[in-house]
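Quick notes on the structure that follows.
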Amino acid sequence: MPRIILHVDMDAFFASVEQREHPEWKGLPVVVGADPKLGKGRGVVATASYEARKFGIHSAMPISRAYKLCTTAIFTRPNFPLYLSASGAVMDILRKFSGKVEQVSIDEAYLDISNKASDMNEAAKFAAAIKNEILEKEQLTCSIGAASNKLVAKTASDFRKPDGLTVVEPGNEKAFLAPLPVRKLLGVGPKTEMVLEELEINTIGELAGVPVDLLIQQFGKMGLYLHEAANGIDESDLEETYEAKSINRNLTFEHDTRDNTLVLQVIEEMSRDACELLQEDKSTCRTVGIKVRFEDFETHTKEKTLAEPTNDPTTVQNTTKGLMQPFFADKRKIRLVGIRLAHLQPQDNRQKRVQEYI
Ligand SMILES: [Mg+2]
């Protein structure tokens, strides 16, 4: 049975989150990065919305150049706590769909769904359901690639962006990669690309046809990787990172509310529910956070690192409710509240180690 791996990649993540938080920015070129200071600013573009990309603006470009390409774009400084909170919510959705998730970065993850789908048809339906839920709950789009291994799934998620879904049937891995330029192959940076270009190897298909000993001669150990990757071979398994795990709970109120008792009640319930999950999982959390979204979509997050890791509902409830208090001074109605438990770790590391010796 071939494996079924999904690679989920959020579309223009930082810029999309900013557009979600500022609905008036939707459909407009948005550039997240350094301050352009009328074209004299230093620093680079972190993310550009798809509307900004139409002007030729892209990530890692000097901000002064981005400004020259589109002076009317909305330039905004990165709000990392906000992106982390959105990322946590997305990863939570992904973990609901599959127990086997490898988070690669703030906006990217692999899912092994070999046990959830029996073929690529089912995988496509599964991926569509994930896209739907992320759109519905987080108002964000992503692109997903489905394939029999990580390498091809990742290439596939990049194939049709934004809001894409690309499925590579088992057996078609090599044919799918073949027409793509070599720089699209995972691990091929500008340097390797230059060397390959000099050897007149421009597509992944051309690279796949080069005898492996020639590649090893040219690139050393990397040559073997290039040979296998170009042929669509990747046996690597998902690396599940415990540390990256977090538990997030959000609730959008039926009607925006200024009822503090109701808000605290919801936070209390969510905290209890999250602690139950921790206890079932025999784990604890070190960081407790909350999220508040006001009626105008302005969103705030607040976190506290505890002195001792815990999965005790009362401790977590007191912390989340305490973090919430200052927001009640605000005159705006609340649209959404959420909690986040992060820096998860096994309940008792030491005990576990002792058991291993017995
Ligand atoms: Mg992305």
- Item | the range 295-347: chymotrypsin sites (Phe, Trp or Tyr not before Pro) in DSSP coil with no more than 16 other Cβ atoms inside 10 Å | 297
- Message: I want to verify the translational diffusion coefficient of the range 1-122 in µm²/s; compute it with Stokes-Einstein, Rh as the Kirkwood radius over Cα pairs, at 37 °C and 0.692 mPa s.
- Response: 207 µm²/s
- Item | Helix-only CD estimate at 222 nm, as mean residue ellipticity for the chain, using -39500 (n - 2.57) per DSSP H run (n ≥ 4) | -12000 deg cm²/dmol
- Task: Within the set of other residues whose C-beta is less than 13 Å from the C-beta of residue 237, count the net charge using Lys and Arg as +1 and Asp and Glu as -1.
- Result: -3
- Message: Give me the net charge for the shell around residue 248: Cβ to Cβ below 13 angstrom, other residues only, Lys and Arg +1, Asp and Glu -1.
- Response: +3
- Query: Taking residue 304 as the anchor, which lysines have their alpha carbon closer than 26 Å to its alpha carbon, excluding any fewer than eight residues away along the same chain?
  - Reply: 96, 137, 245, 282, 291, 321, 331, 333
- Item | Qualifying GluC sites (Glu not before Pro) in the range 10-61, DSSP loop, other Cβ atoms within 10 Å at most 10 | none
- Karplus (6.51, -1.76, 1.60) ³J(HN,Hα), θ = phi - 60°, over the range 251-256, in Hz, Gly and Pro reported as x: 9, 8, 5, 3, 10, 3
- Message: Could you give me D for the range 206-348, from Stokes-Einstein at 10 °C and 1.306 mPa s, where the hydrodynamic radius is the Kirkwood radius over C-alpha pairs? Units µm² s⁻¹, please.
- Response: 88 µm²/s
- Task: For the range 59-72, just list the computed ³J(HN,Hα) in residue order, Karplus coefficients 6.51, -1.76 and 1.60, θ = phi - 60°, integers in Hz, with x standing in for Gly and Pro.
- Result: 4, 6, 6, x, 4, 5, 6, 4, 4, 5, 6, 7, 5, 8
- Note on the structure: In whole Å, largest first, the alpha carbons of the chain cover along the principal axes 69, 67, 37
- Query: In nanometres, what is the gap between the two model label sites at residue 261 and residue 325, each 7 Å from Cα along Cα-to-Cβ?
  - Reply: 2.0 nm
- Item | Amide H partners (placed H, <5 Å) of residue 142, local residues excluded | 11, 163
- Of the GluC sites (Glu not before Pro) in the range 148-237, which ones lie in a loop per DSSP and count no more than 15 other C-beta atoms within 10 Å? 200, 235
- Query: Rounded to the nearest 20 Debye, what is the dipole magnitude of the range 270-334 about its Cα centre when Lys and Arg each give +1 and Asp and Glu each give -1 at the C-beta?
  - Reply: 260 debye
- Cross-link reach list, lysines versus residue 174, counting only Cα pairs under 23 Å and skipping chain neighbours closer than eight places: 150, 154, 161, 184, 221
- Item | Burial ranking of peptide ranges 254-266, 56-68, 299-311 (average Cβ count within 10 Å, highest at the top) | 56-68, 299-311, 254-266
- Query: Residue by residue through the range 7-18, which ³J(HN,Hα) values in whole Hz follow from phi under the Karplus form 6.51 cos²θ - 1.76 cosθ + 1.60 (θ = phi - 60°), with glycine and proline marked x?
  - Reply: 10, 9, 10, 5, 8, 6, 3, 4, 5, 5, 5, 4
- Order of 312, 107 from fewest to most other C-beta atoms within 10 Å? 312, 107
- For the range 99-144, what size does the Cα cloud have along each of its three principal axes, sorted from largest down, in whole Å? 29, 21, 16
- Note on the structure: Taking the convex hull of the alpha-carbon atoms of the range 56-102 and averaging its shadow over every direction gives an area in square nanometres of 4.9 nm²
- Message: Under the rule of at least 5 residues apart or a separate chain, name every residue whose amide H is placed under 5 Å from the amide H of residue 347.
- Response: 283, 284
- In which sequence would 142, 70, 275, 285 go, from the one with the fewest C-beta neighbours within 10 Å to the one with the most? 70, 275, 285, 142
- Task: Net charge near residue 120: determine it from the other residues with C-beta under 14 Å of the C-beta of residue 120, scoring Lys and Arg +1 and Asp and Glu -1.
- Result: -1
- Task: Can you put 1, 10, 91 in order of Cβ neighbours within 10 angstrom, beginning with the fewest?
- Result: 1, 91, 10
- Message: Can you list residues from other chains, or at least 5 along the same chain, whose modelled amide H is less than 5 Å from the amide H of residue 304?
- Response: 288, 289
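Computed from the coordinates by the stated procedures, all read-outs in this text should not be read as laboratory data. Treat the numbers as computed from the prediction; the structure is a model and nothing was measured. Counting neighbours? That spans all protein chains shown, and the Cβs are built from the backbone with ideal geometry, glycine included.
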